[in-house]
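Following: one structure in structure tokens, then a few remarks.
The values are calculated or read from the model by the stated rules, or taken from the named source; none is laboratory data. All values derive from a computational prediction rather than experimental measurement. Ideal geometry is used to build each Cβ from the backbone, glycine not excepted, and the neighbour counts take in all protein chains shown.
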Amino acid sequence: MNTEPSILEVKDLKIHFDTFEGTAQVLDGCSFTLGRGDTLGLVGETGCGKSITAKAILGLLPVPPTRIVSGEIRFHSRDLLDLSEKDLEKIRGNQIAMIFQDPMTYLNPVFSIENQMIDVIRGHARHANKTVSRGAAREKAISLLNAVNIPNPRQRIGDFPHEFSGGMRQRVLIAMALAGDPEILIADEPTTALDVTIQAQILRLIGELVERFRHSVLLISHDLGVVAAVCRRIAVMYAGNIVELTTIERIFENPAHPYTRGLLRSIPNLARRKENLVGITGSIPDFIEPPRGCRFHPRCAHRMDVCQKVKPVLADIESEHRVACFLYESSWPSASRPEERIKPLP
Amino acid sequence: MRSKKWCLMFVADIGVIFLLSGMSQTLEIRDGKKILVYGARQPAPNIDPSQYYDWSTRMLQQSLYDALLKYVDSPPKVIPWLATNWEASPDAKVWTFHLVKNAKFHNGDPLTAEAVKFSFERTLKIKKGPAWMLLDVLTPEGIKVVDDYTIQFTLNQPYAPFETVLPWWYIMNPKVVMAHEKDGDMGQEWMKDGDAGSGPFKKKRWEHGVLYELEAVADYWRGWENPNHIDGYIFKLIREASSQRIAIQKGECDIVEGISPEDFDLVAKMPGIYVSNDPGLTTFGIKMNNQKGYTKDINIRKAICYAFDYDSLIKIYNGNAILEDSPFPIGLKGHISLKDKIYRQDLQKAKEYMEKAGYPNGGFELEYVYVQGLEEERKMGLVLIDNLGKLGIKVKMVPLTWPNMVARGSKVDTSPDMIAIFATPVFNDPDVVAYQYHKNSWGKYYGTAHYNNPEVWKLTEQARVIADFDERMKYYEQIQNMILEDAPEVFGMQYNRRWAFRDYVKGFVFCPMRFTGEIDMYPIYIQK
Amino acid sequence: MKQKSIPMYAEHANTSGFWTQWKEEHESFFRDVRLSFYLFSRSPLSLIGMVLVGAFFLIALIGPWIVPYPEDATGAVHMSQKLTAPGSQFWFGTDEMGRDVFTRVILGTRVSLKIGLIIICAAMGIGVPLGITAGYVGGWVNETIMRITDIFLAIPGLILALAIIGALGPGITNSMIALSLVWWPGYVRLVQGKTLSLKEESFIEAALSVGAGRARIIFLHILPNCTSPIIVKASMDMGMSILAAAGLGFIGVGAQPPAPEWGAMISIARNYLPNWWWYALFPGLAIFVTVLGFNLLGDGFRDILDPQSRGYYRE
Amino acid sequence: MKRYIIKRLLLIFLTLFGLITVVFLISRVAPGDPARLAAGPDATEEMVEVMRKEFGLDRPLIVQYLSYFKGLASGNLGRSIRTRHNVIDDLVQFFPATFELTVFSLLLAVVLAIPLGVLCAVYRDRFLDHAARVFSVSGMALPMFWLALMLQLFLALKFDFLPLGGRLGLLTEPPTKITHLYLVDSLLTGNWAVFKDALRHILLPAFVLCFPALASIIRVNRAEMLEVLSRDFIVSARAHGISKIRTIGQYALKNALIPTMTMIGLRYGWMLGGTILVETVFDWPGIGLYAVQSAVYSDFQPIIGVTLLIGINFMVANLIIDLIYGILDPRVRYE
């Protein structure tokens, strides 16, 4: 379906976090790609490293205490991790934009929407070595607000964030993200803080915008349903690792990783309401002293000896379906057997 | 020297400082006029001669106003001023004064006997400031204008020291004063900052809390003796002694008063500065409550007198003080030296008296009250703690504000065991000091001892009405001996009055009748 | 609840299991303590503060036995050696009465300690009960107490203290009274605010719902929960009150001679500047170091005890 | 808004009423006899009585109290025994000096402290941050009067770099009185020599006075900046490509300024309190010095007057700060 070359490639990204109790290995070698017009959902429990990944792409992690230990983030073949702050500023919003979880806290409460949007628009123009007058920027802001279906944008643009409802605020944030006409839109839990009905509206809006502008989208959510509504592909994360990466259809039809299965089972479903909802026993592991081998093994019903010693890599089990689990070792191509691909942990 | 060390420490900064340092000034010459700057600590918020006096106030009053007579020189003498000559009746009750004919006020009005009468009446009616000096002996009815230039005072009772009081009763212009009368206040409100005088200077700039500037009256009725006389002076308020010192050192001030004894010694050695050093009449004593507490016992009082280290008083003033040798200040008219009887430190005797009093080992505590912020009194208190400690007496130092201290001393019951008092005789007559020991002085600041000896009181009353001075002297000799014997207080010392001058300031005449920092600016001239 | 659980574990108490269990049970507490020590030890400034305050208390305690001329602080005078420069005999020089400045500075710690402790205790003694009453009872009682507090907070403390001393007369006791009288409103505000917020907490509601009495709630629940902010404030105030008392001493209405109070010493010493600089220098340094110590310690305490300001390592 | 201001003003009046009552009661505890001071050292009992009457001290306490409020309504704050002037006249004369000093000092503190606070937050745990923290902690621990003396010692006495005290040089004529603030007046009249002189005189006292304020404003601003910089909207601003400088200098600073303003308002009041010490050292003819001298003389009308004036200043300043809040933070609603 989509064969365009990837424009964003995250390779083996490892991020550590220094706390007083020790170093938390919050991202442990995470890799994925995003093609033009591609829509990828990143799913996992809270704290599994989804947001960290998103912020790392835009260089928004505070250093210290965060440390990017290794890996690459290639955007149009440039490694974003090597870029200076100045160069990153040119990319942020202009080429990669981000929509955030809680529209209240992500809008500056003491500036009007007008001011904030004009700043963003003029900032983008400046990065492109153009100047935009305040008036022109204002017009553009109004048209953007219009595009995200805010009623009476001309009247409302001068209002302050607290004068908008939650859904409206999210629309404003989306409009701001669109201001630079970015290639990639990263949406970090864009609907989590919203009512269910509003959620649907916002998701529909994002879907429409993707159709219209052909953005590539990286959607981050803990909710499989949300991801399914927008994305074509999905990456399931567990404790700093991507454990399964496939299309949205396959994940529902044929979930491979035990964690993915558990995740699916824990979704309330009208069709299955007679069955008991099954959660996954145990909880997210300690990041400071993570379990050896597969980080999921303490919670895994299918755990084997190898799981406790060697970390499985993400490997194809069929086309467009990659899983990191030793259960599928047999279907791995010989080149990706663990003994050859990774060293056992010390 | 230490200052060298400082310089070395901050040698790096010196370049910058040279660039930015302010120039130091000498005598201000403004439009060719010689304006002298006097740096003083005490403000003069009310210069009405009928309302108030203290040293700063009186210094300005002496410049703005004239009186019938004037105190000059040391030992002090009374010279004719507005009055050319005067006579007293043999019983010292009727006094007649003849005025100069050319005296005129600053606005040009002639100064006549009418103005003299008005001024005396005003002070007596308002009952403030110097009124107490004559309130007992003179009523407005007793003042009579004989003719334009003759005035006669008839006293209620004979009062020999009358003429010595008059230099402090300044003559005001009735027209100016009454033109500013409000609600029958006899111009009190306006006169606080007003000028209704005839003196050698007139008011120029008045900035309360900062400075007062006066300018010389070019055609002063008495004329100017020296052609280089100053054309005016600024009475500048500098509240800190150390700042005053810097000011004279840098030449920002031409005269300063009241800096610490150490600082006086220091500036005296500096080029371009000289320091005057003259014995004053102000006595320091530690008054003891004669009627209450431990100090009621004369033996305790004597023990304290013998325990006190008198030499430390001199040390506190770096040698610029003399010890009293009589209850009357040395240099005051009527003083006799009682060198052999005066108390000096003698711990043996002190202990004997403690035994007599029944406290051979002490074991009690006495209060020492002094004026908040008066450095010398504080130091003397510290000496007292040290000295009386040797008798087993503990001393508690209690600093009070002046009014609180006087309030406490006003009654026998509340008057402290010991209280530090500086007292300056206001006029040159033995009566002024003798009367401090009279019952009528009880409760005043110099009467806080509540001295109780009716015999002394009787002698004092008798002496003050006698016209012949030699006759009076017999009484005062007896009085001094009796007071000393009763040891109502620790007779302390008289410190030297000192001023620091820039060397081009000439003509200063010291007169001990003037208060601490007070200078008569009339004779001052400049010679470079 | 906790007490019940102990015998349960006691069954296998002879093994290390008990301790493991107990530790797990109190894990959050241990984590807190560990965190506190970690934060405190990570902050060299807090440690310096602790050392300074420790030294201050120690010197105050043993002062009279270590100074070379203890009598110089109680009234002895030696006029012959006045204003001697610092040297081997007098480390900090002598003052205008020939007394050893070093002795007086060292013994000044006692005066300052006394001043600080009394002011803080008095201020707490007035402020804490009023604050709890206001916060707990609420209504017009709260209104009245807080309005009165406002009056005292309406002008800077030093001015009000000056006015009070102007009436009572100068002296160390009066300045302590004056400063106590201007210091308590801060505690009322603090405690009242804390009480108000605690009242809304679920554990108070829980205590109320099982019928706990008023006194029980105040002493068992509210007061202990106020201790942390009170300790933080008190340790900061300790320094500040010493500073304020020194200020009063400096303008001449505070401690009186021969008490070796630092502010009063400087007040006199300023007349001997610049030539006899040591006299003003050392007492001032003593004030500075003492107050610095208490401020640093207070800062350190706040970092530990006040969870709001922690947040140092959040994402 | 209007209702809010009126309500606040009413509250201020109420508080001032309480304040006067408290100070008035305190003042009458005094054992001293102010009339005696006014009458002079040698005055007779009769003369003291005259003074007592003149100052109204012979009347019962309650009458004095009531008549104080009566006088207050007509702007009469009683009379100072020490200066013999009406307190209101004294205050009018001395307050501009204090106002000039405190406002200059506060501006100095704000201008220095806010950029420093921002820099410390941005360069957290770097050298500048540590240096500023040491500075601010010691700034609050330094006895103001001692710092003043030491600066005098070095800058004025040893090196004659700045004047020792006072508002103007001894012989400098004050500028034409327009606002009574020498710096402003000399500028208005274009009198550069006087302006320079006034500036040289105000530098040391203003610096000393602003020292604790500087320290605490840096602290508060740093803490608030850190807090704001960790907030989500900063992340989103950055994600939208807004430059770091703009994010910090505009987006974060405006948020951080809001709590900082409270500290600035408080500090204005504390500075007024600090003038007691600073004016004493620098011989600055303002109400602080006036208050100290009055207190030492047990002269109470001026003390009540100063208390009242400073109280008004403090509370009005806080009201202004609260109104500025509304400008800075659109979420604030006055009710």
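Observations, loosely collected:
- Annotation note: of C:V101, C:V128, C:V141, C:V111, the sole residue that is surrounded by fewer than 17 Cβ atoms within 10 Å (Cβ to Cβ) and away from every other protein chain (no Cβ under 14 Å) is C:V141.
- Of the helices (runs of 4 or more DSSP H) lying entirely inside region C:1-119, those carrying at least 3 residues that are in contact with a helix residue (DSSP H, G or I) (Cβ under 9 Å, 6 or more places away or on another chain) and at pLDDT 85 or above are C:44-66.
- Check on D:L266, under 15 Å from the mean Cα position of the chain (by Cα), assigned to a helix (DSSP H, G or I), at pLDDT below 90 and surrounded by fewer than 24 Cβ atoms within 10 Å (Cβ to Cβ): yes
- Subset tally (residues that are surrounded by fewer than 20 Cβ atoms within 10 Å (Cβ to Cβ), out of contact with any strand residue (DSSP E or B) (no Cβ under 8 Å at 6 or more places or on another chain) and within 9 Å of chain C (Cβ to nearest Cβ)) for region B:358-394: 1
- Per-region count, region A:149-192, residues within 14 Å of chain D (Cβ to nearest Cβ), within 16 Å of the chain's Cα centre (by Cα) and farther than 17 Å from A:N94 by Cα: 4
- Restricted to region A:71-89, and to residues there that are assigned to a helix (DSSP H, G or I) and in contact with a strand residue (DSSP E or B) (Cβ under 7 Å, 6 or more places away or on another chain), the residue that is surrounded by the fewest Cβ atoms within 10 Å (Cβ to Cβ) is A:L81.
- Of residues in region B:400-422 being closer than 21 Å to C:G166 by Cβ and surrounded by fewer than 24 Cβ atoms within 10 Å (Cβ to Cβ), the one farthest from the chain's Cα centre (by Cα): B:T414
- Members of region B:395-424 found to be under 26 Å from B:G280 (Cβ atoms), touching a Ser or Thr at 6+ places or on another chain (Cβ under 6 Å) and not small (G, A, S), listed by number: B:T401, B:P403, B:I419, B:F422, B:T424
- Pick from region B:195-207, criterion in contact (Cβ under 8 Å) with a residue 60 or more places away in the chain and surrounded by fewer than 20 Cβ atoms within 10 Å (Cβ to Cβ), ranking: farthest from the other protein chains (Cβ to nearest Cβ): B:K202
- In region A:118-141, the count of residues that are touching a strand residue (DSSP E or B) at 6+ places or on another chain (Cβ under 8 Å) and closer than 19 Å to A:F100 by Cα is zero.
- Across region B:132-157, the qualifying residues are those that are out of contact with any Asp or Glu (no Cβ under 9 Å at 6 or more places or on another chain) and assigned to a helix (DSSP H, G or I), and the one among them that is nearest to the other protein chains (Cβ to nearest Cβ) is B:L134.
- Single match in B:D54, B:D91 (criterion: away from chain D (no Cβ under 14 Å), modelled with pLDDT under 90 and within 29 Å of B:I151 (Cα to Cα)): B:D91
- Condition met for D:F127 (in the same structural domain as D:L214 (by TED's automatic domain parsing), within 30 Å of C:T149 (Cα to Cα) and modelled with pLDDT of 85 or more): no
- Exactly one residue out of A:V110, A:V132, A:V120 is touching a helix residue (DSSP H, G or I) at 6+ places or on another chain (Cβ under 6 Å), within 14 Å of chain D (Cβ to nearest Cβ) and either free of Cβ contacts under 8 Å to residues at least 24 places away in the same chain or surrounded by fewer than 17 Cβ atoms within 10 Å (Cβ to Cβ) (or both), and it is A:V132.
- Helices (runs of 4 or more DSSP H) completely within region D:11-108 that count 3 or more residues being under 30 Å from C:T149 (Cα atoms): D:61-73
- Restricting region A:90-99 to residues that are assigned to a strand (DSSP E or B) and at the interface with another protein chain (Cβ under 8 Å from one of its Cβ atoms), the residue that is surrounded by the fewest Cβ atoms within 10 Å (Cβ to Cβ): A:R92
- Positions within region A:33-70 being outside any strand (DSSP E or B), over 12 Å from A:M237 (Cβ atoms) and within 15 Å of the chain's Cα centre (by Cα), in sequence order: A:D38, A:K55, A:A56, A:I57, A:L58, A:G59, A:L60, A:L61
- Exactly one residue out of C:A255, C:A234 is of a type in the set (G, A, S) and part of a helix (DSSP H, G or I), and it is C:A234.
- If you check C:A55, C:A85 for being aliphatic (A, V, I, L, M), more than 30 Å from B:I393 (Cα to Cα), under 19 Å from the mean Cα position of the chain (by Cα) and surrounded by fewer than 19 Cβ atoms within 10 Å (Cβ to Cβ), only one passes: C:A55.
- Whichever residue in region D:115-152 is at the interface with chain C (Cβ under 8 Å from one of its Cβ atoms) and not aliphatic (A, V, I, L, M) and, among such residues, is surrounded by the fewest Cβ atoms within 10 Å (Cβ to Cβ): D:S138
- Looking across region D:157-166, the residues that are surrounded by 22 or more Cβ atoms within 10 Å (Cβ to Cβ) and within 11 Å of chain C (Cβ to nearest Cβ) come down to D:L157, D:L164.
- Condition met for A:D102 (surrounded by 15 or more Cβ atoms within 10 Å (Cβ to Cβ), at pLDDT below 80 and either in a strand (DSSP E or B) or among the acidic types (D, E) (or both)): yes
- Pairing residues of region D:277-301 that are touching a residue at least 12 places away in the same chain (Cβ under 8 Å) and facing chain C (nearest Cβ under 10 Å) with residues that are in a loop (DSSP other than H, G, I, E, B) and of a type in the set (S, T, Y), at Cβ distances under 7 Å and at least 6 apart in sequence or on separate chains, gives D:S294/D:S80; D:Y297/B:T401; D:S298/B:T401; D:D299/D:S80.
- When B:N156, B:N226 are checked against the criterion of being over 30 Å from B:Q42 (Cα atoms) and among the polar types (S, T, N, Q), a single residue qualifies: B:N156.
- Selected residue (criterion: nearest to the other protein chains (Cβ to nearest Cβ)) from residues of region C:242-265 that are under 23 Å from the mean Cα position of the chain (by Cα) and free of Cβ contacts under 8 Å to residues at least 24 places away in the same chain: C:F250
- Filter pass, B:P167 being within 13 Å of B:W95 (Cα to Cα) and of a type outside the set (G, A, S): no
- The number of residues in region A:67-87 that are farther than 17 Å from A:L185 by Cβ and either within 14 Å of chain D (Cβ to nearest Cβ) or β-branched (V, I, T) (or both) comes to 7.
- Subset of region C:65-100 [among the β-branched types (V, I, T) and over 14 Å from C:N275 (Cα atoms)]: C:I66, C:V67, C:T74, C:V77
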